[in-house]
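J.: I'd like to ask you about the structure that follows.
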Amino acid sequence: GDTTTMNAVMSRALAPLRGHAPRTSAALFESAYNIISQESDTLERVAARIESHSSTISRLKHAIGRNVSQEVSKMSAFDVLEALKDGDFDKTNCPICLGPFGGQLRATAAADEPIVAMTSCGHFYCISCLDEHIHRNIRGNGTIQCPNCRRGVSPSSDIIHIEHFQSDEEEQRELRNKAKEKVREVSQMLEASGGVISGDLWHSLFLSIDVPSHVSQRGHRVHTALPRDFLAHLRSSTGMAIDCSRNDMPPSVHGRQDCKDVALSSKVQALLGDLPLGEHAVVFSSSKEGVLHLAAVMKAREIDCFSLFVGQKAATTQESVSGWQNVSVDPSRAGPVLVVQAGAAASGLTLTAASKMFLMEPFSRQEEEQQAYARCHRFGQKNNVHV
């Protein structure tokens with residue numbers, strides 16, 4: 001092998017001398033020395049490239065073996081920040097090293113040392129991976145391309161380190177303690193102010209209410225400025241996810257017995273308490289979602305309920321009205337109840353079977369509200385109508 005290499009070097013060293021008269025051995029040795037120096041530089045560059053590609057292949061093999069789930073690959077920036085806050089690094093993925101953020105560095109890094117960087121375009125990387133990328137690819141104008149979206153990024157102004165170890169729990173605990181201290185003075189303050197509560201006191205009352213431990217403290221993925229404790233109180237009171245869509249229904253829509261006691265708004269609770277026993281009643285709501293929600297709540301409490309809303313077929317509307325009018329009445333139970341969306345079935349709808357009418361929200365037009373009254377209080381009505 002050494003002889004072959006030597007022959008190849010000497011052959012290349014003699015190439016410039018071919019076709020000329022023989023020269024001195026010194027010229028031959030000088031040519032061979034130059035060729036060896038050039039090849040040594042080439043070998044160093046190739047060795048560095050091989051090492052770099054070997055590292056890349058190793059990362060790719062690890063990423064293939066890790067099998068990143070679709071859930072992780074589709075996580076938004078908000079989801080990534082929540083995972084970092086919870087210390088759930090297995091649900092993160094660095095686009096450069098194709099592994100979880102920090103990798104082996106997490107085992108040696110200090111507890112208060114950031115290991116994740118975020119660019120101004122909203123993409124996250126291991127700090128070490130991004131530093132290496134900057135070192136290799138920084139351009140003459142002092143910027144680089146984001147490895148993910150290829151936007152121009154300035155390392156000095158467009159990259160921040162995420163301090164995932166910081167938590168606002170201590171601050172929230174201090175705020176709650178101060179609020180509870182202030183609430184202790186409520187009776188004296190109310191007596192002195194004649195029953196008028198200031199905005200600061202309302203805020204203290206809100207903070208003084210502890211959220212149950214089982215309720216999620218996550219923020220909103222879209223409206224990120226909403227306070228987490230406010231969202232937690234909403235989750236606790238409604239029994240629903242804060243980021244549910246407008247078409248989602250409360251758990252009681254499925255008729256589950258364990259969902260009857262899910263906390264309801266004070267307005268819905270007042271309605272349930274005011275429904276007459278053994279009498280027909282009509283409830284008006286301004287939106288289709290409100291109608292469906294009320295129907296689900298009443299059905300979960302085994303109250304005979306029928307609903308009308310904009311977009312129903314005429315036959316379905318007639319079936320609902322007929323069913324409500326003709327259903328048997330139990331004097332020991334509330335209802336039956338007809339829940340109507342304002343503006344639905346505007347022509348020819350007579351509701352004289354009801355003597356109690358409830359408005360969940362003010363009507364947008366006074367004429368529609370007067371028309372709603374007239375549906376119950378018209379010819380054929382034999383009882384006093386209460387609104």
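The values are calculated or read from the model by the stated rules, or taken from the named source; none is laboratory data. A quick note: this is a predicted structure, and the numbers were derived from the prediction, not measured. Quick reminder, even Gly has a Cβ in these numbers, built from the backbone with ideal geometry, and neighbours come from all protein chains shown. What goes into the accessible areas is simple: the full protein's heavy atoms, side chains included, and nothing from ligands, DNA or RNA. Shrake-Rupley method; radii C 1.70, N 1.55, O 1.52, S 1.80 Å.
J.: Restricting attention to the range 294-312, which residues are buried (at least 19 other Cβ atoms within 10 Å of the Cβ) and not in a strand (DSSP E or B)?
T.: Within the range 294-312, Leu294, Ala295, Ala296, Val297, Met298, Ala300, Asp304, Phe309 qualify.
J.: Checking the conditions here, which among Ser54, Ser37 is within 20 Å of Leu130 (Cα to Cα), among the polar types (S, T, N, Q), at pLDDT 75 or above and part of a helix (DSSP H, G or I)?
T.: Criteria check complete, one pass: Ser54.
J.: Of the numbered conditions (1) surrounded by 14 or more Cβ atoms within 10 Å (Cβ to Cβ); (2) of a type outside the set (Asp, Glu); (3) within 29 Å of the chain's Cα centre (by Cα); (4) at pLDDT below 85, Val183 fails exactly one; give the number of that condition.
T.: With respect to (1) surrounded by 14 or more Cβ atoms within 10 Å (Cβ to Cβ); (2) of a type outside the set (Asp, Glu); (3) within 29 Å of the chain's Cα centre (by Cα); (4) at pLDDT below 85, Val183 is out only on (3).
J.: Within the range 159-174, restricting attention to residues that are part of a loop (DSSP other than H, G, I, E, B) and surrounded by 14 or more Cβ atoms within 10 Å (Cβ to Cβ), which residue is modelled with the lowest pLDDT?
T.: Phe165
J.: While we're looking at this one, here's another question. From the residues in the range 263-293 that are assigned to a strand (DSSP E or B) and not aromatic (Phe, Trp, Tyr), which one is most open to solvent (accessible area, probe 1.4 Å)?
T.: Checked the range 263-293; the qualifying residue most open to solvent (accessible area, probe 1.4 Å) is Leu277.
J.: When you look at Ser328, is it part of a loop (DSSP other than H, G, I, E, B), at negative phi and out of contact with any helix residue (DSSP H, G or I) (no Cβ under 8 Å at 6 or more places or on another chain), yes or no?
T.: When the stated conditions are applied, Ser328 passes them.
J.: Any residue at all in the range 304-324 that is modelled with pLDDT of 85 or more and closer than 20 Å to Gly273 by Cβ?
T.: Within the range 304-324 (the criterion being modelled with pLDDT of 85 or more and closer than 20 Å to Gly273 by Cβ), the answer is yes, since at least one residue qualifies.
Table: residues versus (1) surrounded by fewer than 17 Cβ atoms within 10 Å (Cβ to Cβ); (2) part of a helix (DSSP H, G or I); (3) modelled with pLDDT of 85 or more.
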| site | (1), (2), (3) |
| --- | --- |
| Arg106 | yes, yes, no |
| Cys121 | yes, no, yes |
| Gly140 | yes, no, no |
| Ser157 | yes, no, yes |
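J.: To continue, here is another question. Tell me the residue from Ala77, Ala48, Ala32 that is closer than 20 Å to Cys129 by Cα, modelled with pLDDT of 70 or more and surrounded by 11 or more Cβ atoms within 10 Å (Cβ to Cβ), please.
T.: Ala77
J.: Here's something else I'd like to know. In a helix (DSSP H, G or I), modelled with pLDDT under 75 and farther than 18 Å from Leu275 by Cβ: is that true of Ala374 in this structure?
T.: Spelling it out, Ala374 is indeed in a helix (DSSP H, G or I), modelled with pLDDT under 75 and farther than 18 Å from Leu275 by Cβ.
J.: Among (1) within 16 Å of His386 (Cα to Cα); (2) among the polar types (S, T, N, Q); (3) open to solvent by 60 Å² or more (accessible area, probe 1.4 Å), there is one condition Gln325 misses while meeting the rest; what is its number?
T.: Going through (1) within 16 Å of His386 (Cα to Cα); (2) among the polar types (S, T, N, Q); (3) open to solvent by 60 Å² or more (accessible area, probe 1.4 Å) one by one, Gln325 breaks only (1).
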